[in-house]
Amino acid sequence: MVNSAPRLGFVSMHTSPTAAPGTGDAGGMNVVELHQARALAAAGVPVDLITRRSDPDQPDAQELAPGLVLRLVDAGPAEVVAKSGQEDLIGEFSAGLAGLGPYDVLHSHHWLSGVAALPVARAAGIPHVQSYHSVAALPGEGLAEGERPESPGRVAGEALVARESDQIVAISQAEAETVIQRCGADPGRVEVVRPGVDHHVFRPIRSGESPPRWSTTDAADRPYLLFAARLQPLKAPDLAIRALAGVPASIRPRLVIAGEVSDDFSTYRGELDNLVTELGLEADVTFRGSVPPTQLAEWMRWSYAVLVPSYSETFGLVALEAEASGVPVLAWRTGGLVEAIADDRTGILLDGRSPDEWAGAISALLADRGRRDLLGRQAVEYSSRFDWLQVAQRLASIYHRLAAER
């Protein structure tokens with residue numbers, strides 16, 4: 001067992017494998033989870049990616065790549081269910097998960113998966129690894145702007161998997177500290193494995209390539225900014241729009257917004273449309289929905305800068321993808337973004353959330369092409385240290401160690 005690759009169950013019950021691939025979401029799967037699974041399979045670790053059936057026509061099993069199989073578990077209705085409604089499905093999912101395998105290690109993503117998988121791992125006598133990707137505020141702390149009230153069992157569920165899991169894998173030091181402080185995890189069982197980036201997809205502009213055109217009325221050299229994330233208050237696309245309005249009209253770039261509305265925020269796109277109209281930015285803001293990573297990468301490499309105004313990010317993978325594309329990032333100084341961005345070297349970390357402050361930073365960067373290009377070059381070099389193969393090797397070493405201890 002120790003000298004051969006462990007068979008791994010990647011548990012992610014909250015996902016929807018039929019969802020359109022795109023920003024922050026690949027086939028409904030969290031981008032970090034999916035890339036970890038693909039990299040592990042490519043490194044010779046067989047992985048079953050286990051999620052909940054959300055469509056009655058989906059096959060029970062589907063090979064996504066050599067060594068990587070998507071397996072579906074019946075739990076609740078065979079339809080997309082918002083995250084806020086999935087807590088009631090944990091028991092059914094756990095029972096279905098117990099019928100799969102056998103596995104040498106179960107690695108759960110998000111708290112729902114962990115609560116479902118932990119008893120299955122214990123019954124099978126195998127290690128359980130937990131990744132959070134986001135952590136709830138403790139009772140009484142209040143909600144940050146853009147956060148919804150937690151489902152009843154989330155705080156207790158996160159604490160349970162923190163106490164009982166054999167290993168916790170965080171994607172940033174900021175997330176590790178949050179899991180320790182909020183969930184009571186043993187610091188000795190928390191390891192940081194930062195994400196990688198696909199340098200074949202997210203890369204700088206090559207000679208002979210042509211930029212995208214967003215409007216026949218735009219000047220050929222009009223720059224554009226890119227916002228790429230799911231459309232929900234926590235990601236703060238409204239701040240990006242308000243900041244654009246503060247940039248003088250004579251130098252104002254276009255703002256391209258890539259991403260779909262989350263299930264729990266179905267009316268939010270309408271609110272953003274109203275804001276664009278209210279600010280008179282109809283000719284300056286383009287909503288493009290969710291797109292495949294290759295399309296997003298093309299838009300990213302031609303953008304003047306990428307905006308990440310989120311209230312919180314455990315890491316901020318989109319910032320790393322922008323850096324690999326040779327594009328500087330403007331982001332709020334929070335969470336893992338401090339680790340994803342080298343301030344004033346690969347991008348700009350802003351301390352405030354005032355639209356005027358953001359507009360000033362955007363305007364200053366537009367006025368100094370030399371600085372923008374220098375940040376972009378340094379961003380490419382910085383991003384080169386983040387690689388999915390290295391991530392897979394780090395994870396595989398964790399699984400081997402846990403298996404050996406068992």
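We did not get these values from a lab; they are worked out from the coordinates using the rules stated. The shown structure was predicted, so the numbers you read here are calculated from the model rather than taken from an experiment. Here the Cβ positions follow ideal geometry from the backbone for every residue, glycine too, while neighbour counts run over all protein chains shown.
Numbers below:
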read-out	value
358, 302 arranged by Cβ crowding within 10 Å, fewest neighbours leading	302, 358
Linear extension gain, residue 406 paired with residue 210, 0.36 nm per residue minus alpha-carbon span	65.0 nm
Cα-based helix-to-principal-axis angle, 173-183 vs the chain, degrees rounded to 10	50
Potential extension, residue 377-residue 181 segment - 0.36 nm per residue separation minus Cα distance	66.9 nm
Degrees between helix 154-164 axis and first principal axis of the chain (Cα, 0 to 90, nearest 10)	50
Degrees, to the nearest 10: 31-42 long Cα axis against longest axis of the chain	60
The chain - percent relative contact order, Cα under 8 Å, separation 6 or more	17
Anisotropy class of region 215-283 from Cα gyration tensor, a/c 1.5 cut	prolate
Stokes-Einstein D for region 288-398, Kirkwood Rh over Cα pairs, 37 °C, 0.692 mPa s (µm²/s)	226
Projected-area average for region 224-383 over all orientations - Cα convex hull basis, square nanometres	8.4
Calculated P(r) of region 27-114 - Cα pairs past 17 Å, %	49
Within the chain, percent of DSSP bridges classed antiparallel, to nearest 5	10
For the chain, the longest site-free run once GluC sites (Glu not before Pro) in DSSP loop states with at most 12 other Cβ atoms within 10 Å are removed	283-406
GNM top mover of 156, 240, 359 - the chain, alpha-carbon springs below 10 Å	156
Identified option (computed Cα extents along the principal axes in Å; candidates [x] 56, 51, 41; [y] 60, 48, 46; [z] 66, 42, 40)	[z]
Ranking of 93, 386 by count of other Cβ atoms within 10 Å, fewest first	386, 93
The chain - mean residue ellipticity at 222 nm from DSSP helices (-39,500 (n - 2.57) per run, n ≥ 4, rounded to 500)	-11000 deg cm²/dmol
